[in-house]
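Participant: One structure, pasted below without further comment.
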Amino acid sequence: MFLAAFWLNGQSVEPGKRRFDALCAGCHGADGTGNTPAGKSLKVRDLHLSDVQGQSDAQLLNTISNGKGKMPGEGERTAEKVRWNFVSLVRSFAKKGAGEKAKSESSQN
Ligand code: HEC
């Protein structure tokens, strides 16, 4: 049971995390706060915020697949399964409770 739970958790977040670090973190930051030079210049929203977390999974998947504003879509080069991993990962930011800290940091800028 323990192994199965571990495997499931690993499946839902970890593969996405490695790709997130490679493909998304340049703009969104490894922690999703967008606190990177590119993130600041493109004004990416902190992925912890309720503006983002309040969107449906389908909306997040759509942004990740087709892009939005200055964000390039991943639909051409990643499988749908991988893009769902990104959705889970974006959701996982909300659960870490780093949002409040990130919010107060960004409001000081
Ligand atoms: C070139 C920089 C860049 C890269 C790379 C990038 N994004 Fe974005 N992302 C943005 C910008 C800019 C926005 C805000 C778009 C807008 O609202 O106009 C955004 C928005 C989003 C949103 C919606 C949040 C919102 O504000 O509504 C999600 C979810 C997201 N990105 C996830 C990802 C994921 C997952 C990846 C990697 C597969 C990724 N992004 C890669 C720049 C980037």
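The values are calculated or read from the model by the stated rules, or taken from the named source; none is laboratory data. Note that the coordinates shown come from a computational prediction; the quantities given were computed from them, not determined experimentally. FYI the Cβ positions are ideal-geometry reconstructions off the backbone, even for glycines, and counts take in every protein chain you see.
Participant: Is it true that S56 is modelled with pLDDT of 95 or more, more than 11 Å from V90 (Cβ to Cβ) and more than 8 Å from the ligand (Cβ to nearest atom)?
Facilitator: yes
Participant: What are the residues in the range 64-84 that are among the hydrophobic types (A, V, I, L, M, F, W, C) and near the ligand (Cβ under 6 Å from one of its atoms), if any?
Facilitator: Hits for the range 64-84 are I64, M71.
Participant: Can you tell me which residue in the range 28-51 is surrounded by the fewest Cβ atoms within 10 Å (Cβ to Cβ), limited to those that are within 18 Å of G16 (Cα to Cα) and of a type outside the set (D, E, K, R)?
Facilitator: A30
Participant: Which ones in the range 17-34 are within 10 Å of the ligand (Cβ to nearest atom) and over 9 Å from the mean Cα position of the chain (by Cα)? Quick ask: steps written out before the conclusion?
Facilitator: Filtering the range 17-34 down to residues within 10 Å of the ligand (Cβ to nearest atom) leaves 19-28, 32, 34.
Scanning the range 17-34 gives R19, D21, A22, L23, G26, C27, G34.
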